[in-house]
Amino acid sequence: MECLIQYLDELEDLYYAVALVAERIRRAFRALIVLAVSATFPALGVLLAVTHPPLAGAMVLLSVTGLLYRAAVGSPRAVSAG
């Protein structure tokens, strides 16, 4: 019986080790996607400003309006003490 309990404990340890590695991989992919989007949007904005300046101005005004609305209406984030 003791061997079975140790075997199940080892399986549990293996399961959580795989879960921790999967979480690190997920965070790496998320950071990669954020980096790709952060590099792509400014490049697309410059391309839009070069090809269609009035449309680029409209997009800037819509973005600023949305950010101001979110800042005025949105709930403030809680500041952590740690």
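The values are calculated or read from the model by the stated rules, or taken from the named source; none is laboratory data. All values reported here derive from a predicted model rather than from experimental measurement. Here the Cβ positions follow ideal geometry from the backbone for every residue, glycine too, while neighbour counts run over all protein chains shown.
Worth pointing out:
- Meets criteria (of a type outside the set (Phe, Trp, Tyr), part of a helix (DSSP H, G or I) and modelled with pLDDT under 90) for SER63: yes
- Test: LEU48 is among the aliphatic types (A, V, I, L, M) and surrounded by 10 or more Cβ atoms within 10 Å (Cβ to Cβ): yes
- Taking the conditions (1) surrounded by 10 or more Cβ atoms within 10 Å (Cβ to Cβ); (2) modelled with pLDDT of 90 or more; (3) among the hydrophobic types (A, V, I, L, M, F, W, C) in turn, LEU8 satisfies each one other than (2).
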